[in-house]
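Let me begin by presenting the structure, written as structure tokens, before commenting on it.
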Amino acid sequence: MSNNQFKSVFDIIGPVMVGPSSSHTAGAARIGKVVRQIFGEQPETVDILLYESFAKTYRGHGTDIAIVGGLLGMEPDDPRLADSLKIAYENKMEVLFVPKKEAAEHPNQVTLIVKKGERKMRVTGISIGGGNIQISELNGFKIHINMGTPTVLIVHQDVPGVIAEVTDVFRKLNINIATMTDSRAAKGEQAIMILEIDERSTADALEKIKKIANVHNVSFFI
Amino acid sequence: MFNTIEELIERANHWGSVTEAMIQVEMTQSETSREEILAHMKKNKDVMFQSIKKGVGGVTSVTGLTGGDAKKMHDYLGGENFLSGKYILTAVQNAIAVNEVNAQMGLICANPTAGSAGVAAGVLAAVTEQKQLNEEQQLQFLFTAGAFGLVIANNASISGAAGGCQAEIGSASAMASAGLVEISGGTPEQCAQAVAITLKNMLGLICDPVAGLVEVPCVKRNALGASQAYVSADMALAGITSVIPPDEVIKAMHKVGMQMPSIFKETAEGGLAVTPTGKKISQKIYG
């Protein structure tokens, strides 16, 4: 496998999308959607911190409505994107946009702080061109998730045995793990496990992983 | 996967064409069948043609800043007095149409980006009319364009915010020129030469959108990117080659993008965006 950021001809010819910008509209919608998938449900409140080019041109590109549309579960070609702010209001999802002055690691960067009740998650996404995105930070952890590869993301407590139980689920279902990383905030604290796997249908595995003790959150995306 | 133009040409010579090399790589990378890949590309192509049809009919952007120029070009093409070739101007008309639809927040297919979506789509529709291409040939054009676009994206950039407009209209125009060479019977090497010739002329092009909108100057740059694709494809088919090899041109493009100040990378802080008229438009829209 090469380390190329762009792997598919459809990263270049595509996506089919509502205008006007692949990075600032389609990419923004995809970041919103992935954050929704990672969080697992529609948040009650969302703080949207926009950096650099996103901060300076988000209104003209519809970046704001695209991120919100994504958080509501919309794809980049969803004709309802234009009305996403209204739909968010009707669905009781409160959003706040904060254009930030400080420099960021990437010119098209956004950090979303999503909350529901006691649950809170902080995710940073970058839009790397042509509607393609990466997730670069989760709850303060530096991570690197490329879209296009089947990826399982597990938020868990740093206690003995969790990794073994997770890999055991994949072993029993005969699903190969291609790459795996696990990082923790501190000993015994929250940790994040990212597994790239060679399988696109994973409903079974995810259900089993969710039941493992000390696993807080499981999400899957391609 | 091919990482450079040189590797792409090797694969193309092995498989018989750039198109076939791209399809083979896609099948391996995505673990999907040829049929699914062709169907996906056909769907994208259909969206391109729909957006052209819609734009030529006449649309106005959300802000009212752009629109109606595709229709003007269409009416002009109905007369006999135009200066450049009919199909170059048809490509120009089509490219404008796609980007007018894009600015209207209509449905388009990014190619490689939304802001540059008119170039390859516009050229494809023009050459379809010119050479009566069948669907298989249309898809060949797109797979070839996509293959070269992948190399550019992985070694330089296709994002205006990261690399300036050379990364968007430059890449799109280069991709379209390769597509034209492929369906005109040129060799993979000639496709690569068209890419190099096109990119060399686009080096340094800044991204300076008025009011941060994908409208001014994006719509007209799509038009001219499309016309350039035709000219560089003809140059490559004539046997003209780039003194600087294609992979070195792409590396140069990457460096230029890195060296370009951020005021010229989709921040609306430089170039046309800060002209008196550009600023006036921004003030009018945002207050």
### Query
So which cysteines in the protein assembly as shown don't have a second cysteine's C-beta under 4.7 Å from them?
B:Cys109, B:Cys191, B:Cys218
### Query
List the trypsin sites (Lys or Arg not before Pro) in region A:83-178 that DSSP assigns to loop (not H, G, I, E or B) and whose Cβ has at most 10 other Cβ atoms within 10 Å. Which are they?
A:Lys92, A:Lys101
## Note on the structure
One finds, for A:Asn91 and B:Asn3 with R0 = 30 angstrom and r their Cβ-Cβ distance, a FRET efficiency to the nearest 0.05 of 0.10
### Distance-filtered residues of region A:185-222 - backbone nitrogen under 12 Å, label point 7 angstrom along A:Ala164 Cα→Cβ
none
### In sequence order, calculated HN-Hα J values of region A:194-204 (Karplus, 6.51, -1.76, 1.60; Hz; x Gly/Pro)
10, 10, 9, 10, 9, 7, 9, 9, 9, 3, 4
### Query
Just the C-alpha atoms of region A:104-222: what Rg/Rh do they give, with Rh taken as the Kirkwood radius?
0.97
### Cβ-based net charge around B:Val181, under 10 Å, with every Lys or Arg adding one and every Asp or Glu removing one
-3
### Query
Which whole-number percent of Cα pairs in the protein assembly as shown have a distance greater than 39 Å?
23 percent
### Task
Note down, for region A:151-221, the three equivalent ellipsoid semi-axes (square root of 5 times each alpha carbon gyration tensor eigenvalue), biggest first, whole angstrom.
19, 12, 11
### Query
If you roll a 1.4 Å probe over the protein assembly as shown with all protein chains in place, what percent of the accessible area is carbon or sulfur?
52 percent
### Query
Alpha carbon centre of region B:211-287 versus region A:79-144: separation in Å?
28 Å
#### Entry: Local electrostatic count at B:Met73 - Lys and Arg +1, Asp and Glu -1, tallied over other residues with Cβ under 12 Å
+1
### Query
Spin-label point model (7 Å from Cα, Cβ direction): what's the A:Ser201 to B:Ile263 distance in nm?
5.7 nm
### Message
How much accessible area per residue does chain B have, counting only protein heavy atoms and a probe of 1.4 Å, in square angstrom?
### Response
39 Å²
### Message
Just checking the output field for B:168-175: average partner chain Cβ neighbours within 10 Å of each residue's Cβ?
### Response
1
### Query
Using the scaling law 2.2 N^0.38 Å as the reference, what is the normalised Cα Rg of region B:5-286?
0.96
#### Entry: Segment B:Asn13-B:Gln137, extension gain: residue separation times 0.36 nm, minus the distance between their alpha carbons
42.8 nm
### Query
Just how large is the dipole of region B:118-243 about the Cα centre, in debye to the nearest 20, putting +1 at every Lys and Arg Cβ and -1 at every Asp and Glu Cβ?
240 debye
### On Cα atoms only, tilt of B:135-155 relative to the major axis of chain B in degrees
80 degrees
### Message
Could you report the accessible area of B:Glu26 in Å², rounded to 10, computed with a 1.4 Å probe on the protein chains as they sit in the structure?
### Response
10 Å²
### Query
What ranking of A:Ile65, A:Ile222 comes out by heavy-atom accessible area, probe 1.4 Å, highest first?
A:Ile222, A:Ile65
### Query
At what distance in nm do the modelled label points of A:Arg80 and A:Lys116 sit from each other, each positioned 7 Å from its Cα along Cα→Cβ?
1.6 nm
### Task
Specify which residue in the list B:Asn81, A:Val123, B:Ala117 is farthest towards the positive end of the charge dipole of the protein assembly as shown, using unit charges on the beta carbon of Lys, Arg (+1) and Asp, Glu (-1), about the Cα centre.
A:Val123
### Task
Could you do me a favour and compute the accessible area per residue for region A:52-148, 1.4 Å probe, result in Å²?
45 Å²
### Query
Sorted by packing (mean other beta-carbon atoms within 10 Å per residue), highest first, where do B:154-160, B:101-107, B:165-171 land?
B:165-171, B:154-160, B:101-107
### Message
Given a Förster distance of 22 Å, report the FRET efficiency between B:Val243 and B:Ser184 from their Cβ-Cβ distance, rounded to the nearest 0.05.
### Response
0.45
### Query
On average, how many beta carbons from a partner chain sit within 10 Å of the beta carbon of a residue in B:55-64?
1
### Message
To test your reading of the geometry: what angle, between 0 and 90 degrees and rounded to tens, separates the Cα axis of helix A:52-61 from the longest principal axis of chain A?
### Response
60 degrees
#### Entry: Accessible area that becomes buried as B packs against A, both chains, 1.4 Å probe, Å², nearest 100
3400 Å²
### For residues of B:103-109, the mean tally of beta carbons on other chains within 10 Å
6
### Query
Mind checking the dipole of region A:10-146: about its Cα centre, +1 per Lys or Arg Cβ, -1 per Asp or Glu Cβ, Debye to the nearest 20?
260 debye
### Task
Treat each spin label as a single point 7 Å out from the Cα along the C-beta direction, and report the A:Thr45 to B:Leu83 distance in nm.
6.1 nm
### Message
For chain B, take the longest principal axis of its alpha carbons; what is the angle in degrees between that and the long axis of helix B:34-57, to the nearest 10 within 0 to 90?
### Response
30 degrees
### Cβ-placed point charges (K, R +1; D, E -1), dipole of region A:151-221 about Cα centre in debye, nearest 20
140 debye
### Query
region B:71-164: which GluC sites (Glu not before Pro) are DSSP loop and have at most 13 other beta-carbon atoms within 10 angstrom?
B:Glu80
### Solvent-accessible area of B:Phe82 with every protein chain in place, 1.4 Å probe, in Å² to the nearest 10
50 Å²
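The values are calculated or read from the model by the stated rules, or taken from the named source; none is laboratory data. Computed from a predicted structure; not experimentally measured. Glycine also receives a Cβ, built like all others from the backbone with ideal geometry; neighbour counts cover every protein chain displayed. Remember, those area values only see protein heavy atoms, side chains included, never the ligands or the DNA or RNA. Shrake-Rupley method; radii C 1.70, N 1.55, O 1.52, S 1.80 Å.
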